[in-house]
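Single-structure report; data block below.
The values are calculated or read from the model by the stated rules, or taken from the named source; none is laboratory data. Bear in mind that the values here come from a model prediction, so they are computed numbers and not experimental data. For neighbour counting, all protein chains shown are included, and Cβ atoms are generated from backbone atoms with ideal geometry for every residue, glycine included. Surface areas here come from the heavy atoms of the whole protein model, side chains and all, with no ligands, DNA or RNA. Shrake-Rupley method; radii C 1.70, N 1.55, O 1.52, S 1.80 Å.
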Amino acid sequence: MTSRSYAEYEAMFDLTELPASVLDCSAGGSSFTAEAAARGVDVVAVDPAYELSMPELVDTVRRSLPVGMEIIDANEGRFVWTWYGTPQRRDDLRLEAADRFLQDIGEAPDRYVAGGLPELPFEDGTFELALCSHLLFTWADTFDRAWHLAALRELIRVSSKEVRVFPLVLQGTGDPVPFLPEVLDELDGVRWEIRKVPYEFQTGADEMLVITHS
Ligand SMILES: C[S@@+](CC[C@H](N)C(=O)[O-])C[C@H]1O[C@@H](n2cnc3c(N)ncnc32)[C@H](O)[C@@H]1O
């Protein structure tokens, strides 16, 4: 349950300005929702982990912080530091984001909804933009092709304009996901493109999926 910041989301999803309503799906311990809300956006975070009690959530977020570094160490040479600069800068961003998330979920719990793909507790077209960071494709060793197709269709259902997904490669190794093209071919009634973003951490993971409602 990682804690990425608004700055990381801005780069991963190449966000210039946000629409009026945004969903952060699989939001985990990210501070994106807190920071977007502070900018006046109507933003909701959804994650199955929000069922946890506050002490459990604090514990989960804190324990997740070193796990990312273990993955990086175990996959030496598969990460580039051009965006972060140094491991320290990355750690600082994650720590700040975790603190901001924990503060916000305590102060504004209505922004944080317990739920998970492929069935989200929202009406059709609730959000202009749905973002999904570090779940789809990156966990393709856990969730299969059918799950990914159902999850993408659900993100399309709850959004009215656009869905953005990052990254498009497997966690750790950065290997491509073999079923990605087949899943995209099966999407109906939308346009999609794979677009370069100004962010890279796993080597070669510098593209997002953009799905646009027709
Ligand atoms: C690697 S974290 C990413 C957190 C955040 N988006 C970020 O970029 O820092 C993946 C998150 O996906 C959540 N998750 C797991 N299964 C899920 C599901 N079926 N639907 C939505 N989120 C799920 C986990 O609880 C976890 O918080």
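For this structure, a couple of remarks:
- The helices (runs of 4 or more DSSP H) falling completely within the stretch 24-128 that include 3 or more residues that are at pLDDT 95 or above and farther than 25 Å from Val163 by Cα map to 54-74, 87-107.
- Criterion (within 13 Å of the ligand (Cβ to nearest atom), open to solvent by 50 Å² or more (accessible area, probe 1.4 Å) and farther than 15 Å from Ser26 by Cα) met by exactly one of Glu107, Glu96: Glu96
- Test: residue in the stretch 44-53 that is under 23 Å from Phe122 (Cα atoms), open to solvent by 70 Å² or more (accessible area, probe 1.4 Å) and of a type outside the set (A, V, I, L, M, F, W, C): yes
- Flag if Gly68 is open to solvent by less than 20 Å² (accessible area, probe 1.4 Å), farther than 23 Å from Thr212 by Cβ and either touching a residue at least 40 places away in the same chain (Cβ under 8 Å) or within 13 Å of the ligand (Cβ to nearest atom) (or both): yes
- Count of the stretch 157-188 residues, restricted to those that are part of a loop (DSSP other than H, G, I, E, B), surrounded by 15 or more Cβ atoms within 10 Å (Cβ to Cβ) and among the β-branched types (Val, Ile, Thr), is 1.
- Only one of the numbered conditions (1) touching a residue at least 40 places away in the same chain (Cβ under 8 Å); (2) assigned to a helix (DSSP H, G or I) is not met by Leu149, and that is (1).
- The set of residues from the stretch 45-56 being away from the ligand (no atom under 13 Å from the Cβ) and touching a Ser or Thr at 6+ places or on another chain (Cβ under 9 Å) is empty.
- Selection within the stretch 115-139 - more than 10 Å from the ligand (Cβ to nearest atom), at negative phi and open to solvent by 20 Å² or more (accessible area, probe 1.4 Å): Pro121, Phe122, Glu123, Asp124, Thr126, Glu128
- Filtered residues of the stretch 140-154 (kept if out of contact with any Pro (no Cβ under 6 Å at 6 or more places or on another chain) and within 10 Å of the ligand (Cβ to nearest atom)): Thr142, Phe143, Trp147
- Leading residue by the ranking (farthest from Asp175 (Cα to Cα)) among those in the stretch 189-214 that are in a loop (DSSP other than H, G, I, E, B), without any contact (Cβ under 8 Å) to a residue 40 or more places away in the chain and open to solvent by 50 Å² or more (accessible area, probe 1.4 Å): Ser214
- Those residues of the stretch 1-40 which are near the ligand (Cβ under 8 Å from one of its atoms), among the hydroxyl-bearing types (Ser, Thr, Tyr) and open to solvent by 10 Å² or more (accessible area, probe 1.4 Å), in sequence order: Thr2, Ser26
- Cys132 meets each of the listed conditions (1) more than 14 Å from the chain's Cα centre (by Cα); (2) closer than 26 Å to Ser53 by Cβ apart from (1).
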